[in-house]
Every structure is written in C-alpha cells, then in structure tokens.
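*Asks:* My questions will all concern the structure given below.
Computed from the coordinates by the stated procedures, all read-outs in this text should not be read as laboratory data. Fair warning: this is a prediction, and the values are worked out from it, not measured in the lab. Neighbour counts are summed over all protein chains in view; Cβ atoms, including those assigned to glycine, are modelled from backbone coordinates with ideal geometry.
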Amino acid sequence: MTVSKAFALVGDRYHNADYIRTALGKTLVRGLDLGIDFSDEVTHLNADTLARYPLLILFRDGMLWPDGYGLQAELVSEPPVPPLASRSTPWITPAQGRAVRAFVEGGGAALFYHNTTYISIDDEDFRHVQGSTTQGHPPVRPFRVEIMNKQHPITRDVDDFVVTDEQHFMVYHKDVNYVLAESVNDRGHTFKDLGTRSPAVWAYDYGKGRVAYLAPGHTVPALWNPEYEKLQQNAVRWLLRQI
C-alpha cells in the first residue's frame, strides 16, 4: 500500500474538488506513485495535520459562502426559504497561517496551485510563504507558459506550452530570480492595465523547507497538458528533494 506523503486541501465554489482529484490523481498519484490524502474541509489545515506529512498541496481560493451562492433563476419554494444572499467570507485564520509558515520553515514542502493567490489577501504569514497576492484574472482563454529558467530541476527538459485556462495575474513579492516561467497572451489580450504577462511558476527554499507555485489549473485539459504534467511532477520531486 502506498504511504501518503501529501495532504491536499482542494476545492471551492469555482473549482470543484472532483476535477482536481481527477487531474492530480492521474499526474501525481498514478504518475508519481504519490500517496495523497485529499480534503475539502478547510479546518483540516492545521499544525496537527501538517505534522503527519512532508508535503502540503493547496488548490483552492480563500473564500467560503456561508449563506449559499445566491439565486441564478427565479426561486419557487413551498414553504418559502429565507432570502439567499451571496456573500463570501475568508476562511483562513491566523493560527492556520502560522501553522503553514512553521511547517515550511521547519522543513516541510508546500505546492501551491492556481488560485491560492486569493488566500494571501487575508493572512500575512500565509502570504509570506506563498509569495504573492492576487490581482484577478480574465475569462478562460488560450495563453502560453514561457519557461524563463531552463536550468532549474523543475523546468529542466520542459518546453513552452499553450493551455486554455484562466491566466492569473498577481503581485509577486519574492526575488524575481525565483520565477521559472511566465504566462503570456501571444494574441495581445490584456487584463485591466496589467499587460499580457504575469509570473506563472516560481520556486524557492524557505527556512529549512521548500515552496513551489504553479498558476495554470482551472481545467483538466490544462492540468493534463503533457509539458505541464512534466513540470508538476518535477515540482513534487524537487519539493521532496528527490531531484
């Protein structure tokens, strides 16, 4: 039986946990024989949980919707239900942010996917580990991931690739030399006034541990792009000090 080496907190309103399990199940679980314990319960991210694993995988945003998602159509209900307001609240607590920071500083590894930049808005410790704060994203459309540093173990032998996905833009807070790849819209489409390019992959040592961030991830086809699969697998191996 494969021993679980990773705890993965996945899934949110806009990113169903099932597609993430499906995507990572192929690329990391079967592709690397990596045991992953998946959860969509945010309270499971704590110091006690992290103490049982060498690797944390986070693939979700920072929002909970305690009053539901609001109405998308006229509601008919007998008897009537209370009015449904669409209101988000952040889920991360200061204790959770401290737990993530202490885990990585003490030698743990953290793989952050896609929309984890949204968690950084609400916690300074988490932001310090993850390395960025979201600026948002345009609708799903094609963009290219351009490898900027081909010498790093994560990007070695990985070629540029094109995905149809959400191109995430963020304020990057770390050394630019840690950026391994950028997303670029070759058709010239911009987002707000942020241009056509944004950091898309970075990695660095953090205390005694390691951190990597991978931006594409809104669709299964993007996650299963062969070059991106190679990059994800390299990232896990590097985080676990296997390469």
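Yes or no, residue by residue, for (1) more than 18 Å from the chain's Cα centre (by Cα); (2) in a helix (DSSP H, G or I):
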position	(1), (2)
ALA110	no, no
VAL129	no, yes
ASP159	yes, no
GLU182	no, no
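*Asks:* For segment 151-191, which positions are in contact with a Pro (Cβ under 6 Å, 6 or more places away or on another chain), aromatic (Phe, Trp, Tyr) and under 24 Å from GLN233 (Cα atoms)?
*Replies:* TYR172, the sole residue that qualifies.
*Asks:* Additional query: Quick check on segment 29-41. Is at least one of its residues within 18 Å of the chain's Cα centre (by Cα), of a type in the set (Phe, Trp, Tyr) and more than 21 Å from ALA203 (Cβ to Cβ)?
*Replies:* The answer is yes; a qualifying residue exists.
*Asks:* Can you tell me which of (1) assigned to a helix (DSSP H, G or I); (2) under 30 Å from PRO94 (Cβ atoms); (3) touching a residue at least 40 places away in the same chain (Cβ under 8 Å) is the one ASP125 doesn't meet?
*Replies:* For ASP125, the exception is condition (3).
*Asks:* Then there is this: Which residues, taken from segment 41-65, are in contact with a strand residue (DSSP E or B) (Cβ under 6 Å, 6 or more places away or on another chain) and within 14 Å of ARG13 (Cα to Cα)?
*Replies:* Residues satisfying the conditions are PHE59, ARG60, ASP61, GLY62, LEU64.
*Asks:* Report yes if ILE154 is touching a Lys or Arg at 6+ places or on another chain (Cβ under 9 Å) and either outside any strand (DSSP E or B) or not β-branched (Val, Ile, Thr) (or both), otherwise no.
*Replies:* The answer is yes for ILE154.
*Asks:* Tally up the residues in segment 161-180 that are in a strand (DSSP E or B) and closer than 15 Å to TYR228 by Cα, please.
*Replies:* 6
*Asks:* For ASN234, state whether it is of a type in the set (S, T, N, Q) and surrounded by 19 or more Cβ atoms within 10 Å (Cβ to Cβ).
*Replies:* Spelling it out, ASN234 is indeed of a type in the set (S, T, N, Q) and surrounded by 19 or more Cβ atoms within 10 Å (Cβ to Cβ).
*Asks:* Next question. Among the β-branched types (Val, Ile, Thr), out of contact with any strand residue (DSSP E or B) (no Cβ under 7 Å at 6 or more places or on another chain) and either surrounded by 23 or more Cβ atoms within 10 Å (Cβ to Cβ) or closer than 20 Å to PHE59 by Cβ (or both): which single residue out of VAL220, VAL145, VAL176 fits that description?
*Replies:* Within the list VAL220, VAL145, VAL176, the selection yields VAL220.
*Asks:* Go over the candidates ALA95, ALA47, ALA109 one by one and state the one that is within 28 Å of PRO221 (Cα to Cα) and among the small types (Gly, Ala, Ser).
*Replies:* Within the list ALA95, ALA47, ALA109, the selection yields ALA109.
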